[in-house]
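The structure under discussion appears below in the form of structure tokens.
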Amino acid sequence: MRLSRFAVLFAILASSLAALAPMTGAQGTTLTIYSGRNEELVGPIIDQFEKDTGINVEVRYDNTTTLALALVEEGKNTPADIFFAQDAGALGLLEKNNLLLELPSYILESVEPRFHSQDGFWVGITGRARVVTYNTDNVSPEALPESLLGFADPTWKGRIGFAPTNASFHAHLTALRVELGDEAMQAFVQALVDNEAVPYEGNSAAVAAVAAGEVDVALVNHYYMFGLLKENPDAPLANYYFPGDDVGNLINIAGAAILNSSDNVPLAQQFIAYMLSRTAQQYFSDSTFEYPLLIGFEADPRLVPLAEIQTPEVDLTDLDDLETTLALLDEVINQ
Amino acid sequence: MRVSYRKNLVSTEKLLLAVSIPLAVLLLFPLGYLVIRASEVDSQAAANYLLRGSTLRIIGRSLLLVFSVSLTACLIGIPAAWLTTRTTLKGRDWWAVVLTLPLVIPSYVGAFALIGAFGPRGIFQGWLETLFGIERLPSIYGFWGAWFSVTLFSYPYVFLSVRAGLRGIDPALEEASRTLGKSALETLWRITLPQLRPFISAGVLLVALYTLSDFGAVAMMQYNVFTRAIYLQLGVNLNFAALLSLVLVVFTVLLMLFSIWMEGRGQYYTEHVHRKIRLIPLGHWQVAAQLYCIFIFGIALVGPMSVIAYWLYNGYVVQGEELHNILRPLQSSIRVAALAAGACGISAIPLVFLQVRYPRFFNQWITRSAYLGYALPGVVVALALVFVGARYFSTTLYQTLPMLIFAYVIRFLPQALGPTRASLMQVSPQIEECGLTLGKSRRKVFWGITLPLMRPGWVAGMALVFLTTLKELPLTLLLAPIGYDTLAVRIWSATAESFYARAAAPALVMVIISALSLVFVLDGDDRR
């Protein structure tokens with residue numbers, strides 16, 4: 001009995017070893033993507049791209065930050081042709097490390113200038129607006145402040161949820177710094193802390209907490225609410241945008257770039273152009289509720305149209321100084 | 001005869017060193033990488049960073065968490081191990097499997113379930129509201145939540161290790177104590193527990209290092225410890241993240257010193273042939289013992305499993321989603337986990353022999369160096385291997401299965417080392433010498449005597465690696481061949497975007513294979 005158990009164990013091991021035989025990857029016509037965007041979100045449209053173009057695509061999925069770091073460490077030896085990132089900051093990091101290739105103007109010109117890198121190294125594919133998601137049972141929209149800074153008011157004590165470790169939140173604070181200065185940003189975070197704002201691990205958790213009534217409002221991206229409503233259509237949730245060009249109305253992007261070590265540049269350009277095609281933009285609009293960035297393409301009717309959101313005069317490329325933001329944030333939050 | 005035997009021993013040590021030193025060098029790759037990265041920070045900036053208030057608070061919190069989790073893991077793990085090996089507890093074999101299973105629940109899933117159940121407005125609060133009108137529970141976030149969840153998903157390291165120890169102890173010592181008129185309790189305290197010291201210390205070391213390296217649970221519970229600080233710092237400045245990781249390495253060494261002290265010096269083997277263990281009748285304590293097991297089982301396993309079952313029900317029955325095919329990720333998961341377990345099992349043997357049979361200072365630390373990879377956050381080890389892999393092996397090993405398995409060995413080898421070592425300590429060298437003097441070759445003695453005797457710990461160690469690899473994420477994501485999909489990757493990908501229904505099926509399958517593999521391992525041992 002004992003021997004046979006051992007035999008089974010070793011048989012499993014041996015058969016697994018057989019799998020170690022060298023993997024033969026197709027060369028040349030295979031496009032390799034590092035995607036910080038989740039497979040559940042972009043997998044279907046990448047499949048569609050393969051079907052429509054006959055190009056074979058391989059994707060490595062991980063967090064945007066981790067992949068950006070891995071790309072920096074890999075340098076010229078990276079197998080990746082394209083980096084598909086969740087936020088502008090990670091793309092900025094690669095741009096600073098001289099790892100990106102300039103995109104052709106026909107790609108850059110398909111989005112507004114505020115949604116691509118000034119030097120043309122990356123382009124936004126979809127837009128993600130910062131909003132306040134609130135619980136409609138506990139808060140009326142009239143009670144919400146006219147500015148993001150209004151949440152410093154003590155009436156919001158214990159009622160705010162936020163995601164202090166989330167990249168979108170950091171980008172938003174950086175925008176606040178660029179717009180109003182370091183002190184103003186730090187004072188705002190201090191006000192959140194004084195108001196006993198509840199920290200959550202990520203936007204989803206914060207929105208779920210709003211739905212459950214743990215907190216009344218959360219400072220998040222606009223589409224998390226729609227994700228939750230899909231699972232639980234009766235959740236008492238709504239999104240709030242600030243009036244005017246308040247600093248609360250930042251629009252960040254998810255975007256893509258081509259690595260300058262790529263030997264598949266034409267295919268890579270074709271891929272990015274495809275992601276900005278009507279087919280792909282419609283797909284993102286329907287399934288992720290993000291803003292399509294292709295000029296002239298309408299967003300989902302449930303969203304406030306992009307043109308109606310007045311964003312503060314902040315250049316997305318200025319959002320790369322995360323170090324200062326995090327240092328300031330750390331002084332306040334981490335006590 | 002004696003002379004030639006001594007000569008034999010020396011050459012064995014040399015042989016072991018010849019295998020172990022290169023292995024240890026390979027295992028220290030991540031450390032080298034961290035030193036390279038951290039040395040780019042100038043020393044003044046480094047000192048400022050390390051000595052500022054928030055860094056010190058992170059250190060304090062990490063130590064508090066490590067201490068409290070280790071303590072509670074013992075309080076849960078040791079009694080449970082004793083009940084399932086030494087008493088007439090009904091359903092011992094079933095409890096042995098079930099109480100190990102919380103180990104396979106990924107901590108991000110587990111913590112999510114705990115928040116759902118015990119959060120300020122969770123299920124538990126719902127009950128209390130209907131019964132007593134309580135509208136809100138005190139916040140689970142912070143220390144309490146982190147302590148609670150990390151304990152629940154790591155105590156099985158102590159449980160498994162101590163079980164292996166209890167099965168290996170010669171019952172003659174305990175029987176002698178009882179015949180000399182000592183009570184069962186006194187025997188447990190004076191004879192059994194001291195004999196278990198290497199096993200407890202091996203288990204606690206694994207729990208402590210797990211606590212240092214876990215990210216999912218502390219992140220979910222918003223408790224700012226090392227890993228969370230390192231993750232945050234990674235996105236900002238890699239060099240500072242490396243610096244923080246080096247501090248973690250220092251703590252790992254300190255924890256190992258503590259574990260050496262805890263283990264003490266002693267002989268853990270006897271010269272007899274072991275007899276069958278006589279089980280202690282529980283009598284009317286049976287009910288209490290059952291309730292104890294049910295309580296742990298309820299919180300650590302039924303809770304998270306119910307959440308998974310709810311996701312499954314809500315997704316597929318209520319919302320009519322299609323079931324995704326998870327056969328391929330299932331195969332991939334089993335393949336890498338089995339390979340990692342095998343590779344760790346094989347690597348553990350020379351290292352453990354060197355440490356136990358030739359316990360010189362140098363030899364001891366060769367083996368202990370393997371523990372460093374285990375305390376580092378997975379993503380740090382992954383980036384270290386990306387650095388080395390892309391630079392020197394970009395056209396050969398980089399992003400292939402062998403390199404992935406190597407990465408798992410760096411990360412999880414200590415799980416195999418701890419129990420294997422403790423089991424070897426129970427094997428008397430005199431028995432081996434007997435074999436040698438009777439003219440058997442060293443190889444025959446190893447296969448015929450030593451290996452069978454040390455098997456419980458060795459197999460338990462490999463089982464631990466298997467289970468942990470199943471849920472591993474950061475290494476798999478960065479280093480697996482591109483497109484390689486495991487169950488853990490499926491669960492991560494779905495939960496990260498709140499598609500809980502899609503996470504449910506792979507999570508459930510993962511728990512089921514883990515249970516099956518545990519039945520295989522634990523059942524095999526109990527029939528000896």
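The values are calculated or read from the model by the stated rules, or taken from the named source; none is laboratory data. Because the structure is a prediction, the values reported are computed rather than measured. Cβ: placed from backbone, ideal geometry, glycine included. Neighbour counts: every protein chain shown. Please note that ligands, DNA and RNA were not included when accessible areas were found on the heavy atoms of the full protein model with its side chains. Shrake-Rupley method; radii C 1.70, N 1.55, O 1.52, S 1.80 Å.
Extension gain for B:Trp447-B:Glu135 works out to 106.0 nm (0.36 nm per residue, less the C-alpha to C-alpha distance). With the simple spin-label model, which puts each label point 7 Å out from Cα in the Cβ direction, the A:Ala184 to B:Gln331 separation comes to 5.9 nm. Counting only protein heavy atoms and a probe of 1.4 Å, the accessible surface of region A:164-271 is 51% carbon and sulfur. The value of relative contact order for region B:154-218, using C-alpha pairs under 8 Å at least six residues apart, is 53 percent.
List the accessible area buried at the contact between B and A, summed over both sides and calculated with a 1.4 Å probe, in Å² to the nearest 100. Don't skip to the answer; put the middle values down first.
Details: alone 24020 and 15960 Å², together 34560 Å².
Interface area, both chains combined: 5400 Å², rounded to the nearest 100.
Computed per residue of chain B from DSSP H runs no shorter than four, each worth -39500 (n - 2.57), the mean residue ellipticity at 222 nm is -24000 deg cm²/dmol.
Mean residue ellipticity, 222 nm, helices only, chain A: the sum of -39500 (n - 2.57) across DSSP H runs of n ≥ 4, divided by residue count and rounded to 500, is -12500 deg cm²/dmol.
Set the Förster distance to 30 Å, then compute FRET efficiency between B:Lys14 and B:Cys434 from the Cβ-Cβ distance, nearest 0.05. FRET efficiency, B:Lys14 to B:Cys434: 0.80. Our summary gives chain B a relative contact order of 22 percent, counting only alpha carbon pairs under 8 angstrom and 6 or more residues apart. For B:Lys14, the aspartates and glutamates whose Cα comes closer than 19 Å to its Cα, not counting residues fewer than 8 places off in the same chain, are B:Glu432, B:Glu433.
Calculate the length of the line joining the C-alpha centroid of region B:354-416 to that of region B:175-192, in whole Å. Taking the Cα centre of region B:175-192 as reference, the centre of region B:354-416 is 43 Å away.
Using the Cβ-Cβ distance between B:Gln286 and B:Ser183 with R0 set to 25 Å, the FRET efficiency from 1/(1 + (r/R0)^6) comes to roughly 0.85.
For region B:323-471, the Cβ-based charge dipole about the Cα centre amounts to some 120 debye (Lys, Arg positive; Asp, Glu negative; other atoms uncharged). In chain B, the portion of solvent-accessible area held by carbon and sulfur atoms comes to 68 percent [1.4 Å probe, whole percent, DNA, RNA and ligands not counted].
Averaged over peptide B:468-479, how many Cβ atoms belonging to another chain are found within 10 Å of each residue's Cβ?
Working: counts 0, 0, 0, 0, 0, 1, 3, 0, 1, 7, 9, 2.
Per residue, the average neighbour count from other chains is 2.
For the protein assembly as shown, the equivalent ellipsoid built from the Cα gyration tensor has semi-axes of 49, 31, 25 Å, listed from largest to smallest. Each of the peptides B:309-318, B:345-354 was scored by the mean count of other Cβ atoms within 10 Å over its residues; in descending order, highest first, they stand as B:345-354, B:309-318. Measuring nothing but protein heavy atoms, the accessible surface of region A:293-335 at 1.4 Å probe radius is 47 percent carbon and sulfur. Restricting to the protein assembly as shown, compute how many DSSP beta bridges are antiparallel as a %, nearest 5. Just about 65 percent of them are antiparallel. In this simple spin-label model, placing a label point 7 Å from the Cα along the Cα-to-Cβ direction at both A:Asn260 and B:Leu508 gives a separation of 5.1 nm.
Measuring heavy-atom accessible area with a 1.4 angstrom probe and counting protein chains only, the residues of region A:137-170 that give up at least 30 Å² relative to the chain alone are A:Thr165.
Can you give me the angle between helix A:278-288 and the longest principal axis of chain A, using Cα atoms only, in degrees from 0 to 90, rounded to the nearest 10? For helix A:278-288, the angle is close to 60 degrees. Computed from the Cβ-Cβ distance with R0 of 41 Å, the FRET efficiency linking B:Ile123 to A:Asp318 stands at 0.35.
Compared with its chain on its own, region A:290-335 contains the following residues whose accessible area drops by 20 Å² or more in the full protein assembly (probe 1.4 Å; ligands, DNA and RNA excluded): A:Leu322, A:Glu323, A:Leu326, A:Asp330, A:Asn334, A:Gln335.
Taking the solvent-accessible surface of protein heavy atoms with a 1.4 Å probe, what is the per residue accessible area of the protein assembly as shown in Å²?
Numbers: 34560 Å² over 863 residues.
Here the per-residue accessible area is 40 Å².
Excluding same-chain neighbours fewer than eight residues apart, the lysines reachable from A:Lys76 by a Cα-Cα span under 21 Å are A:Lys96.
Could you size up the charge dipole of region B:27-140 around its Cα centre, putting +1 on the beta carbon of Lys and Arg and -1 on that of Asp and Glu, and report it in debye to the nearest 20? Spell out each step's value before the answer.
Values: 9 positive and 5 negative charges, 45 e Å.
Here region B:27-140 has a charge dipole of around 220 debye.
With a 10 Å cut-off around each Cβ of B:375-386, the average count of Cβ atoms from other chains is 2. Along region A:47-57 the Karplus relation, 6.51 cos²θ - 1.76 cosθ + 1.60 evaluated at θ = phi - 60°, assigns HN-Hα couplings of 4, 4, 4, 4, 5, 6, 10, x, 7, 8, 10 Hz to successive residues, with x for each Gly and Pro.
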